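See below for the structure under consideration.
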Amino acid sequence: MIRFAVLFMVYLMALFGLEVLRPVEDHVIFPFTEGLARFCTWLIQVFDDSVVTYGKVIQAQSGFAVSIERGCNGVEAVIILVAAVLAFPAPWKHRAVGFMIGFVAIQSLNVVRIISLFYLGQWSQTWFEWFHLYLWQALIIIDALVVWLIWLRYLPRPAHLPPAAKLA
């Protein structure tokens, strides 16, 4: 358990340190965030074709807009999940599955988050702020934790454990 905790912290610091490097921001984070905004706009346009995207900003015809900023693009939750998966001893094939499923799960929930905040902000700025700052932030991190726990559950058991331990 200590080994996991130390590795988790090392991976977290390394990945968060990498995330804030200017070249990573310019060539990975910003393009990803703009793509996320375009995808959310595309989904919203199924119901309202007047919504437009400007870079990382999604704007309604009324003038209300949401900007997908750092911490709102789901990258931090993915980093937490990646650090946890890397820190836990598992075959690389299973880690790759954890990365892929986790990324999709976190980003899917984040799309729901962004679209719900887009509509909440048009309805009530107070509710928008509360959902944005408190509820959705926690749910995205909980999503990463739940994905990791499910991933742990489906890892193969080590062969050297006695049969009773394999059933637990």
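The values are calculated or read from the model by the stated rules, or taken from the named source; none is laboratory data. Since the model is a prediction, treat every value here as computed from it, not as a measurement. As a convention, Cβ positions derive from the backbone with ideal geometry for all residues, glycine included, and neighbour counts pool all protein chains shown.
A compact table of results
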item: Members of segment 33-50 that are touching a residue at least 24 places away in the same chain (Cβ under 8 Å) and either touching a strand residue (DSSP E or B) at 6+ places or on another chain (Cβ under 7 Å) or surrounded by 17 or more Cβ atoms within 10 Å (Cβ to Cβ) (or both); result: T33, L36, A37, C40, I44
item: Out of A77, A90, A105, A84, sole residue that is more than 23 Å from T41 (Cβ to Cβ), in contact (Cβ under 8 Å) with a residue 40 or more places away in the chain and in contact with a helix residue (DSSP H, G or I) (Cβ under 6 Å, 6 or more places away or on another chain); result: A84
item: Qualifying residue in segment 63-70 (condition: in contact with a Ser or Thr (Cβ under 9 Å, 6 or more places away or on another chain) and without any contact (Cβ under 8 Å) to a residue 40 or more places away in the chain); result: yes
item: In segment 138-168, residue modelled with the highest pLDDT [restricted to those that are part of a helix (DSSP H, G or I), over 24 Å from the mean Cα position of the chain (by Cα) and of a type outside the set (A, V, I, L, M)]; result: P163
item: Of all residues in segment 2-52 being touching a Ser or Thr at 6+ places or on another chain (Cβ under 6 Å) and of a type in the set (V, I, T), the one that is farthest from N110 (Cα to Cα); result: V51
item: Residues of segment 93-137 classified as among the β-branched types (V, I, T), loosely packed, with under 13 Cβ neighbours inside 10 Å and at pLDDT 95 or above, total; result: 1
